[in-house]
Amino acid sequence: MTQRVHYDDVSLVYPGSTKPAVSHLELDIAEGEFLVLVGPSGCGKSTSLRMLAGLEPISTGKIFIGDRDVTNVPAKDRDIAMVFQNYALYPHMSVAENMAFALKIQKVAKDEINRRVKDAAALLDLTDYLERKPKALSGGQRQRVAMGRAIVREPEVFLMDEPLSNLDAKLRVQTRTQIAALQRRLGTTTLYVTHDQVEAMTMGDRVAVLKDGILQQCASPRELYDNPANAFVGTFIGSPSMNIIPSLITEGGVDMNGFLVPIERDILGKASGHEVIVGVRPEDLILSAEGAEMTVTLVEELGADTYVYGTYPSPEGPVDLVARGQGLAAPKIGTNVKVNPQRTYVFDATGDQKRLS
């Protein structure tokens, strides 16, 4: 039976370190939810997963699966199943034997094992491969076998640690769709770790963004994109990344190298200094007859979209910008163009750069 998961003020400090790998993590994962942990390398996402699995002892706080405090419960007794980046299949066993191995260790009845393996193989389109050895499978098929090995255990929680990293780009897109659809069919609570924000946005019911071991924001993909809590979340979510432009506060708005971007006074009044960070998504930064001047450094023509990259002089030095156009005649590299922000996000320039608007 699937269960909710709760991290109650959980921290982990590794021996020999003074800085927490994960700091005061407070997170609820609803029963049957697909939650994705995302962030750059070293942000604590895999550590958070491993603490839930019982593979890392936590320093402070508690972890609950359902109503059960599993903080000090051994990994084998937590009723979770993990899928790793490395498939970790036994090369001398067939697909069916790999999927059944954990059940044999648990001394599950042979008829029940066969039923679960056949059901999982049908779900994962592996029925025709049950007698094959892993070396006779493609990367995507091996990953599905690893998934099947987890599914047959019928756990309370699935944990997946970057399971698609070893697949090529096309297969990764196909497999992530299959995993998301499969999770919805099974309804098992799932915690999924990735560094790929596109993967996170397309798979998760909610996405939790971590940085330096601290949870920055946890919300639906659309909420993260439209309402980032701070500049880090704004730049991490979205591809190409949000433009971040340090700007001086002036009468009526902010100054972008002589071009006034109108912003309400009550928003700018929340700033802790005379400068703010203006965030603009590439689709909201248009080439225009009026705007801030940008020198073009690269043009990517992708058919329906054209991405124009350039540099813009700010008070703190050159800032890289990217604008997206549709059906535009692409400007030449080295020319100066004007860009006009149509929608802006305003962040504080100090501290954790929280959003002001």
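Observations, loosely collected:
- Accessible surface, per residue, of region 273-357 when the full set of protein chains is kept, probe 1.4 Å, Å²: 50 Å²
- Placing a pseudo-label 7 Å from each Cα along the Cα-to-Cβ vector at Ala330 and Glu131 gives an inter-label distance of 5.3 nm.
- You can think of it this way: the chain between Leu260 and Glu112 has 46.3 nm of extra reach, that is 0.36 nm per residue less the Cα-Cα gap.
- Per residue, the convex hull volume that the Cα atoms of the chain enclose (Å³): 169 Å³
- Remark: the Met93-Asp28 segment gains 19.6 nm on full extension, using 0.36 nm per residue and subtracting the alpha carbon distance.
- Region 252-302 and region 93-151 have Cα centres separated by 54 Å.
- Comparing Thr47, Thr177, Thr235 in a Gaussian network model of the chain (Cα springs below 10 Å), the most mobile by mean-square fluctuation is Thr177.
- Using a probe radius of 1.4 angstrom, the carbon and sulfur fraction of the accessible surface of region 233-357 is 49%.
- To the nearest 10, the accessible area of Arg132 is 100 Å² with a 1.4 Å probe.
- The angle separating the long axis of helix 110-123 from the principal Cα axis of greatest extent in the chain is about 30 degrees.
- Helix axis angle, 169-186 relative to the chain longest principal axis, alpha carbon, degrees: 60 degrees
- Counting every C-alpha pair in region 222-273, the share spaced more than 18 angstrom apart comes to 45%.
- Cut-off 19 Å (backbone N to label point 7 Å along Cα→Cβ of Glu283), residues of region 215-256: 220-229, 233-244
- Nonlocal amide H pairs with Asn243, under 5 Å, H built at 1.01 Å: Val280, Arg281
- Helix-derived mean residue ellipticity, 222 nm - over the chain, DSSP H n ≥ 4, -39500 (n - 2.57), to 500: -7000 deg cm²/dmol
- Helix 95-105 axis versus longest C-alpha principal axis of the chain: approximately 70°, rounded to the nearest ten.
- A simple spin-label model places pseudo-atoms 7 Å from Cα toward Cβ; at Leu55 and Ser220 they are separated by 3.2 nm.
- Percent accessible area from carbon and sulfur atoms, region 1-133, protein chains only, probe 1.4 Å: 52 percent
- Qualifying GluC sites (Glu not before Pro) in region 279-357, where qualification requires a DSSP coil assignment and no more than 13 other C-beta atoms within 10 Å, comprise Glu316.
- Estimated FRET transfer efficiency (Thr18, Ser357; beta-carbon r; R0 35 Å; 0.05): 0.45
- Per-pair calculated FRET efficiency, R0 = 45 Å: Thr350 and Asp8 via Cβ, rounded to 0.05: 0.90
- Centroid-to-centroid separation of region 152-206 and region 223-246 [C-alpha atoms, Å]: 23 Å
- Phi to ³J(HN,Hα) by Karplus 6.51 cos²θ - 1.76 cosθ + 1.60 over region 333-350, Hz, x for Gly, Pro: 4, x, 7, 9, 10, 10, 10, 10, x, 8, 9, 10, 10, 10, 10, 5, 8, 10
- Our coupling estimate for region 197-203, obtained by passing each phi through the Karplus curve with A = 6.51, B = -1.76, C = 1.60 and θ = phi - 60°, is 5, 5, 4, 4, 5, 8, 9 Hz, Gly and Pro reported as x.
- Put a dot 7 Å past the Cα of Gln342, heading toward its Cβ, do the same for Ala75, and the two dots end up 5.0 nm apart.
- Counting lysine pairs in region 1-123 that sit 8 or more residues apart in sequence, or on different chains, and whose Cα atoms lie under 20 Å apart gives 9.
The values are calculated or read from the model by the stated rules, or taken from the named source; none is laboratory data. It should be emphasised that the depicted structure is a prediction, and the values quoted were computed from it without experimental measurement. Because the Cβ atoms are built from the backbone with ideal geometry, glycine has one as well, and the counts that use them run over all protein chains shown. Accessible surface areas use protein heavy atoms only, side chains included; no ligands, DNA or RNA. Shrake-Rupley method; radii C 1.70, N 1.55, O 1.52, S 1.80 Å.
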